[in-house]
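Everything below concerns the one structure shown next.
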Amino acid sequence: FITIDHVGVFLPSSPLQFTFRVLGKIALPIFIYTTLEGCKKTKDIKKYMLRLGVMSILMYIAIVVAQLVLYFNNGYLLVFQNIFFTLLNLVFIYYLFFVNKNKNKRRMVILPILIFIGSYIFFLLRINGISEFISSIFVDGLTTMYGLEAPIMFVGALLGIYIYEEIVRKRLNNDETLVTEFLCSKKAQLSRNIIMCLSIALVSLIMYLFTYENIPSFTFGNTCVYNTYFIICFPFILLYNGKRGFNNKIVNGAFYLYYPLHIGIIALIFILIGGF
């Protein structure tokens, strides 16, 4: 679905492009949910953040190279943002509140919040043609993708699941054996999946409202239209069984590298066939 979405980015405006972009919206909620699961189940969250940090740097380099190629090839730039930087900041938020033992460090949450807000503002400036053309080549990769949607979806699900699990603990009188047994049950997993779907629905509703926001000489772009369709991922989320899928270090590493590589390959194909 990621690949479908990014092929749609390069397609000219058409019903086919709209279909590709809508289908691509299935990917983000799955990314967010599996990131949340990764935060809860990883053996070392600091190594998790380190991997995402390294990939953020590699993704930044890939974005700068892609923008330079597009610019010098035909003076054209796309709006690129860094999905790994998004995931890194989400994991950092989780770390500050659920892993970190120093309450004073929790104040650092202002940093990812400002990054998300700044990224979304820069995104709006980019699609409205307000930001500097050349500077965007080097700034795009430093901004988070889905700077509004991702944190709302992640934090909404995180808080909802946390409250749900606290209610379970109280009803079971904090008996850790019973609590652990219940939280590992299919019923509890389905409840967490439903909470995630509610968080996704909230983001889709916000995007729907933004779609009809009328500000003279300003636009939220087609992104809001596409992002109202996050809800079509519900079947995938609801069917999640809470278990880890195929686990292989080589394959896992390939998944990390696939994201920047496939964008470059798609862009190269469209340049060669005269898509730009």
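Of Ala157, Ile45, Ile63, whose Cα points farthest to the positive end of the dipole of the chain (charges on the beta-carbon: +1 Lys, Arg; -1 Asp, Glu; origin at the Cα centre)?
Of the options given, the answer is Ile45.
What is the angle, in °, between the Cα long axis of helix 83-98 and the longest principal axis of the Cα atoms in the chain? Nearest 10 is fine, range 0 to 90.
The helix 83-98 is inclined about 20 degrees to the chain.
Output ³J(HN,Hα) for segment 61-74: one whole-Hz value per residue in order, computed from phi by the Karplus curve 6.51 cos²θ - 1.76 cosθ + 1.60 with θ = phi - 60°, and x for Gly and Pro.
4, 4, 5, 4, 4, 4, 5, 5, 4, 5, 5, 6, 6, 8
So, for segment 32-122, what is the accessible surface per residue at a probe of 1.4 Å, expressed in square angstrom?
On the way: 4730 Å² over 91 residues.
It amounts to 52 Å² per residue over segment 32-122.
Place +1 on the Cβ of every Lys and Arg and -1 on the Cβ of every Asp and Glu in segment 154-276, take the dipole about the Cα centre, and give the residue among Ile195, Leu183, Val225 whose Cα lies farthest towards its positive end.
Comparing the listed Cα positions along the dipole, Leu183 ranks first.
If you place +1 on the Cβ of every Lys and Arg, -1 on the Cβ of every Asp and Glu, and leave all else neutral, what size is the dipole of segment 85-201 about its Cα centre, to the nearest 20 Debye? Working shown, then result.
On the way: 12 positive and 8 negative charges, 82 e Å.
Magnitude of the dipole: close to 400 debye.
So what's the back-of-envelope 222 nm ellipticity for the chain, counting only DSSP H runs of four-plus at -39500 (n - 2.57) apiece and dividing by all residues, rounded to 500? Numbers along the way, then the final one.
Numbers: 13 runs with 195 residues, N = 276.
Rounded to the nearest 500, it is -23000 deg cm²/dmol.
Select from Tyr94, Leu272, Phe80 the residue farthest towards the positive end of the dipole of the chain; place +1 on Cβ of Lys and Arg, -1 on Cβ of Asp and Glu, and compute about the Cα centre.
Sorting the options by dipole projection puts first Tyr94.
Over all pairs of distinct alpha carbons, what does the Kirkwood formula give as the hydrodynamic radius of segment 45-133, in Å?
In segment 45-133 this quantity evaluates to 14.8 Å.
Rounded, prolate or oblate: which fits segment 140-275 when a ≥ b ≥ c are the square roots of the eigenvalues of the alpha-carbon gyration tensor, with rounded for a/c under 1.5 and prolate only if a/b beats b/c?
On the way: a/c = 2.91, a/b = 1.48, b/c = 1.97.
Because a/c hits 1.5 or more and a/b fails to exceed b/c, segment 140-275 counts as oblate.
Equivalent-ellipsoid semi-axes (√(5λ), Cα gyration tensor) for the chain, whole Å, largest first? Don't jump to the answer; show the numbers that get you there.
Values: eigenvalues 233, 82, 75 Å².
Semi-axes (√(5λ), whole Å): 34, 20, 19.
So, with a 1.4 angstrom probe, what is the percent of accessible area on the chain that is carbon and sulfur?
Numbers: 10490 of 15290 Å².
So the carbon and sulfur contribution to the accessible surface is 69 percent.
Mind pulling the angle between the C-alpha long axis of helix 27-41 and the longest principal axis of the chain? Nearest 10 degrees, somewhere in 0 to 90.
Tilt of helix 27-41: around 40 degrees.
Charges only on Cβ, +1 for Lys and Arg, -1 for Asp and Glu: so what's the dipole of segment 1-110 about the Cα centre, in debye to the nearest 20? Provide the component values of the computation, followed by the final result.
Values: 13 positive and 3 negative charges, 171 e Å.
It works out to roughly 820 debye.
What are the equivalent ellipsoid semi-axes of segment 108-203, built from the alpha-carbon gyration tensor (square roots of five times its eigenvalues), in whole angstrom, biggest first?
Details: eigenvalues 321, 33, 18 Å².
Taking √(5λ) for each eigenvalue gives 40, 13, 9 Å, largest first.
Of the listed peptides 82-89, 115-122, 256-263, what is their order by residue-averaged count of other C-beta atoms within 10 Å, with the highest listed first? All intermediate terms of the calculation are to be shown ahead of the outcome.
On the way: 82-89: 24.8, 115-122: 19.0, 256-263: 16.0.
The peptides rank, most packed first, as 82-89, 115-122, 256-263.
In debye, nearest 20: dipole of the chain around its Cα centre with unit charges on the Cβ of K, R (+) and D, E (-)? Each step should come with its number before you reach the end.
Numbers: 23 positive and 12 negative charges, 215 e Å.
Using Cβ point charges on Lys, Arg, Asp and Glu, the chain gives about 1040 debye.
Using Cα positions and a limit of under 18 Å, work out the lysines in reach of Lys43, with same-chain residues fewer than 8 apart set aside.
Lys101, Lys243, Lys249
Between the helical axis of 149-171 and the dominant principal axis of the chain, each derived from Cα atoms, what acute angle in degrees is found, rounded to the nearest 10?
So the helix axis and the longest Cα principal axis differ by about 10 degrees.
Which value, in Å² and to the nearest 10, is the accessible area of Ser185 when all protein chains are kept and the probe is 1.4 Å?
Number for this one is 30 Å².
Which far-off residues, 5 or more places away or on another chain, put their amide H under 5 Å from the one on Thr143, with H placed in the peptide plane?
The list, which skips near neighbours in sequence, is Asn82.
For Lys105, Lys40, Lys170, what's the largest-to-smallest order of accessible area, 1.4 Å probe? Each step should come with its number before you reach the end.
Working: Lys105 95, Lys40 75, Lys170 150 Å².
From most accessible down to least: Lys170, Lys105, Lys40.
Let me know the Rg and Dmax you get for segment 1-151 when you use only its Cα atoms, in Å.
16.7, 52
Per residue of segment 185-190, what does 6.51 cos²θ - 1.76 cosθ + 1.60 with θ = phi - 60° give for ³J(HN,Hα)? Whole Hz please, x for Gly and Pro, Karplus curve as stated.
My calculation for segment 185-190 gives 7, 5, 4, 5, 5, 4 Hz in order.
Heavy atoms only, 1.4 Å probe, whole protein assembly: order Asp175, Asp140 by accessible area, highest first. Numbers along the way, then the final one.
On the way: Asp175 65, Asp140 0 Å².
From most accessible down to least: Asp175, Asp140.
The values are calculated or read from the model by the stated rules, or taken from the named source; none is laboratory data. None of these values were measured; they are calculated from a predicted model. Here the Cβ is made from the backbone with ideal geometry for all residues, glycine too, and neighbour counts use every protein chain on show. Side chains are part of the model used for accessible areas, which takes the heavy atoms of the whole protein and leaves out ligands, DNA and RNA. Shrake-Rupley method; radii C 1.70, N 1.55, O 1.52, S 1.80 Å.
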